[in-house]
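Peer 1: The structure is given below, and queries will be raised subsequently.
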Amino acid sequence: MQAAKEHTPNAELQETSGLGFYSLLLLVSALGIGAFYLGLLPKFKQREVVLADTRDLAVVRVKVAKPLSAPAAAVLSLSGELKPATEASILARVPGYVRSWSVDMGDQVVAGQVLAELDTPELQRESARAEAQLALAEAGKHLAATTAHRWEELLQARTASKQETDEKLADLQLKSAAVDAARAEVQRLQQIGKFATITAPFAGTITARRLDVGQLVEAGGSKELFRLSETKRLRLFVRIPQAYARSVKTGQEAEIVLPELHGQRFKARIVRTAGSIDPGSRTLLTELEVDNTGGELLAGSYAQVLLPGAQAEAPLTVAANTLIFRSEGAQVALVDAGGVVAFVKVTLGRDFGSSVELVEGVTLESRVVINPPDSLSAGIRVEVVE
């Protein structure tokens, strides 16, 4: 009974010691777990943040913009030079010396009016010789005709052969042809002789006189005697840019403005076009006609042509900071719907400063990268920042 009473306290002590050990173990475990969370967990979180930042920085973000239609001018303004509707350099048709001249620079003349007269001694001698040759040929023809007639009578009397008669008839035809040739030469020289009197081929204004009395002139030479211009009507050539070419039609009205005539506008009309684009300048050569009956406009003047009805096929413009200049030429970076970058070669048009006109290479739906970085390359995927 006593033994049982002594054993009981030891068992309680052992149980108490066992409970203390487990409590201590739990406490140490709790402290270890707490130290883990307090020490290592922030490092793991920091690592995750670094990885997330690294992934975020690895993604290229770009800003994009869509091309805009270029602003179209309400009135197309082009430069040109006023020229006479008809202009001719009057040259000498026959050689000779200037006997007299009757008009000077600035004079108004009518068609057929005498401008100058020439002395043509050489032509006169040639004409005299041609007339002598004609007389000689006519005399030979008369003799041949008489001879042929007599031989025909002898042939009928059977006192001459048919061969000899045919020869005389052929000689008559030969002499007749010689007369025709001599007469044609006389007529030719007579016609040329009329050119000794220089006349105006059409009505207009004498814009230059380059001859004087006694001056020797050559036939068909490059020496200009007079320059005659029709200034009642003026024509003006302009080159229409390709973008406006389809809107220009024959008969279309236009206006002419001269810098020295402030505020004055003159009516003009398109009379013809070249019908095709010049491949060198990509322009359409167009001729306009201006009524200058009042003489306000001077031929040779510089003028501005205003075409209010011309409308351009508006090209597209992009910001100047979207262009990329490389060895392949001017390019822009485009982003498709999947975020993939592609480089496209473009053709530049007008430069507006902050924006540039693109003739070809993009559309209204293209997404063009703004300020493309140097590291941007074709085929990579980017994130678009709206």
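The values are calculated or read from the model by the stated rules, or taken from the named source; none is laboratory data. Because the structure is a prediction, the values reported are computed rather than measured. Ideal geometry is used to build each Cβ from the backbone, glycine not excepted, and the neighbour counts take in all protein chains shown.
Peer 1: Among the residues of region 266-297, write down those that are closer than 21 Å to Gly349 by Cβ and either among the basic types (Lys, Arg) or part of a strand (DSSP E or B) (or both).
Peer 2: Correct list: Asp278, Arg282, Thr283, Leu284, Leu285, Thr286.
The rows are residues; the columns are (1) in contact with a helix residue (DSSP H, G or I) (Cβ under 8 Å, 6 or more places away or on another chain); (2) assigned to a loop (DSSP other than H, G, I, E, B); (3) of a type in the set (Asp, Glu); (4) in contact (Cβ under 8 Å) with a residue 40 or more places away in the chain.
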| position | (1), (2), (3), (4) |
| --- | --- |
| Arg99 | no, no, no, yes |
| Leu118 | yes, no, no, yes |
| Arg125 | no, no, no, no |
| Arg129 | no, no, no, no |
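Peer 1: Then there's this: From (1) over 30 Å from Val271 (Cβ atoms); (2) touching a Lys or Arg at 6+ places or on another chain (Cβ under 7 Å), pick out the condition that doesn't hold for Ile324.
Peer 2: Only one criterion is unmet by Ile324, namely (2).
Peer 1: Right, next: Only one of (1) closer than 30 Å to Val103 by Cβ; (2) among the small types (Gly, Ala, Ser); (3) part of a strand (DSSP E or B) fails for Ala254. Which number is that?
Peer 2: Only one criterion is unmet by Ala254, namely (1).
Peer 1: Residues in region 306-316: is at least one part of a strand (DSSP E or B) and of a type in the set (S, T, N, Q)?
Peer 2: no
Peer 1: Please indicate, with yes or no, whether at least one residue in region 123-141 is in contact with a strand residue (DSSP E or B) (Cβ under 8 Å, 6 or more places away or on another chain) and surrounded by 12 or more Cβ atoms within 10 Å (Cβ to Cβ).
Peer 2: Checking region 123-141: at least one residue is in contact with a strand residue (DSSP E or B) (Cβ under 8 Å, 6 or more places away or on another chain) and surrounded by 12 or more Cβ atoms within 10 Å (Cβ to Cβ).
Peer 1: Out of Ala181, Ala200, Ala196, Ala144, I need the residue that is surrounded by 18 or more Cβ atoms within 10 Å (Cβ to Cβ), more than 48 Å from the chain's Cα centre (by Cα) and modelled with pLDDT of 90 or more. Which one?
Peer 2: Ala144
Peer 1: Out of all the residues in region 240-273, which are basic (Lys, Arg) and over 13 Å from Leu76 (Cβ atoms)?
Peer 2: Scanning region 240-273 gives Lys249, Arg265, Lys267, Arg269, Arg272.
Peer 1: Related question: For region 223-251, enumerate the residues that are assigned to a strand (DSSP E or B) and among the charged types (D, E, K, R).
Peer 2: Within region 223-251, Arg227, Glu230, Lys232, Arg233, Arg235, Arg239 meet the criteria.
Peer 1: Look through region 356-378, keep the residues that are surrounded by 19 or more Cβ atoms within 10 Å (Cβ to Cβ) and part of a strand (DSSP E or B), and return whichever of them is farthest from the chain's Cα centre (by Cα).
Peer 2: Val369
Peer 1: Follow-up question, since we're still on this one. Would region 187-198 turn up any residue that is of a type in the set (A, V, I, L, M, F, W, C), under 30 Å from Ser100 (Cβ atoms) and not in a helix (DSSP H, G or I)?
Peer 2: The answer is yes; a qualifying residue exists.
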